[in-house]
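S.K.: Mind having a look at this structure? Questions to follow.
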Amino acid sequence: DAGVIQSPRHEVTEMGQEVTLRCKPISGHNSLFWYRQTMMRGLELLIYFNNNVPIDDSGMPEDRFSAKMPNASFSTLKIQPSEPRDSAVYFCASSWTVYNEQFFGPGTRLTVL
Amino acid sequence: EDQVTQSPEALRLQEGESSSLNCSYTVSGLRGLFWYRQDPGKGPEFLFTLYSAGEEKEKERLKATLTKKESFLHITAPKPEDSATYLCAVRENYGGATNKLIFGTGTLLAVQP
C-alpha cells in the first residue's frame, strides 16, 4: 500500500514567490494534518482537516499561509508570498479518524532565498 | 502552558547497551501519548500509542511505558539500525477538540557497533 504522498520533495524559491505543496493521504483515511518542522521549533501542527473540512487552523502562522482539501485524496498548502523564515520541512500526515495514530509523508523541504 | 519535554537531547550507546528515553508532559487532559521514530530526511514513523497510566507496549527491542506525568521508551540490546530521532507527542483535550498533537523536540539516539 502506498503511504502518504507529498510533492515536490524539494522546493527552492525566491522571496516573494508563491509556493504550493501537495499531499495525497492514505486511501480511506478521513483526517489530514499539515505540520512544519524546524530545528528551532520542532514539529508544529499548522492545520488539520476532517472529512475534507478544516477543523483547526490556529497553527497557521499568518495570512500568507492557506490550505485546501477539495476532495478526500488531495490537499494543498500554499504560501503567498513566501519569505526566508518559511524555510522548513513541511509534512503531511493522515489518519483513519481524528482519534487514531497519524501516518506521515516523506516531507517537502522548502528553501526560500 | 501545556508542554512536552524529552530527555536526553542526545544519547550515544554501544551496541547491546540498554537504556531509556524520557518524555515528561504537562497537559490539562491527556488523550493519548504517541512515540514516533524519525530517520534523517524522512517523515516520523509511528511506533506506539499509550492511553492510561500503567499501560505498556512492546515492539522488538522497544518497550514504551506510561505514568501520569511521563513516559519511557526502553531500548533493550540496541543495534546500529535503532539509531534515529525518537519523538514523543501527546494529544490534549483542548476545548473539546481532542485531536491536536503536541510534539517534544526529540532524542537523537546513536548506537555504535
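S.K.: Given points 7 Å out from each Cα along the Cα-Cβ axis, report the A:Val12 to B:Glu45 separation in nanometres with one decimal.
M.R.: So the label points at A:Val12 and B:Glu45 sit 2.9 nm apart.
S.K.: Return the distance in nm (one decimal) between the two label points of a simple spin-label model at B:Ala110 and A:Lys78, each offset 7 Å from Cα along Cα→Cβ.
M.R.: 4.4 nm
S.K.: Where nothing but the Cβ of Lys and Arg (+1) and of Asp and Glu (-1) is charged, how large is the charge dipole of segment A:19-63 around its Cα centre, in debye to the nearest 20?
M.R.: 280 debye
S.K.: Among A:Val19, A:Thr111, A:Pro8, whose Cα sits farthest toward the positive end of the charge dipole of chain A (+1 at Cβ of Lys/Arg, -1 at Cβ of Asp/Glu, about the Cα centre)?
M.R.: Comparing the listed Cα positions along the dipole, A:Pro8 ranks first.
S.K.: Over 25 Å between Cα atoms: which of B:Lys57/B:Lys100; A:Lys24/B:Lys69; A:Lys78/B:Lys100 fall into that group?
M.R.: On the way: B:Lys57/B:Lys100 22 Å; A:Lys24/B:Lys69 36 Å; A:Lys78/B:Lys100 21 Å.
Beyond 25 Å: A:Lys24/B:Lys69.
S.K.: In nm, what is the difference between 0.36 nm times the number of residues separating A:Ser87 and A:Val53 and their Cα-Cα distance?
M.R.: 9.6 nm
S.K.: Assign unit charges at the C-beta atoms only (+1 for Lys and Arg, -1 for Asp and Glu), then state the dipole size of chain B relative to its Cα centre in Debye, rounded to the nearest 20.
M.R.: 220 debye
S.K.: Largest first, how would B:Glu58, B:Glu81, A:Glu83 line up by accessible area (1.4 Å probe)?
M.R.: So the residues, ranked largest to smallest area, are B:Glu58, B:Glu81, A:Glu83.
S.K.: Can you give the FRET efficiency to the nearest 0.05 for A:Leu113 and A:Ile5, using r as the Cβ-Cβ distance and R₀ = 30 Å?
M.R.: Efficiency computed from Cβ-Cβ geometry: 0.70.
S.K.: Further, regarding this structure: For the protein assembly as shown, give the magnitude of the charge dipole about the Cα centre (Cβ charges: +1 Lys/Arg, -1 Asp/Glu; no others), in debye to the nearest 20.
M.R.: Details: 23 positive and 27 negative charges, 49 e Å.
So the magnitude is around 240 debye.
S.K.: Which value, in Å² rounded to 10, gives the accessible area of A:His29 with a 1.4 Å probe and all protein chains present?
M.R.: Accessible surface of A:His29 is approximately 10 Å².
S.K.: Turning to a different aspect of this structure: So how far apart, in nm, are the two label points at A:Met39 and B:Asn22 if each is 7 Å from Cα heading toward Cβ?
M.R.: Label at A:Met39, label at B:Asn22, 2.6 nm between them.
S.K.: Determine how large the accessible area of A:Val53 is when every protein chain is in place; take a 1.4 Å probe and give Å² rounded to the nearest 10.
M.R.: 80 Å²
The values are calculated or read from the model by the stated rules, or taken from the named source; none is laboratory data. Just so we're clear, the structure is a prediction, and the values are computed from it rather than from any experiment. No Cβ is skipped: glycine too gets one built from the backbone with ideal geometry, and neighbour counts run over all protein chains shown. Each accessible area value is taken on the protein alone, full model and side chains, heavy atoms only, with ligands, DNA and RNA left out. Shrake-Rupley method; radii C 1.70, N 1.55, O 1.52, S 1.80 Å.
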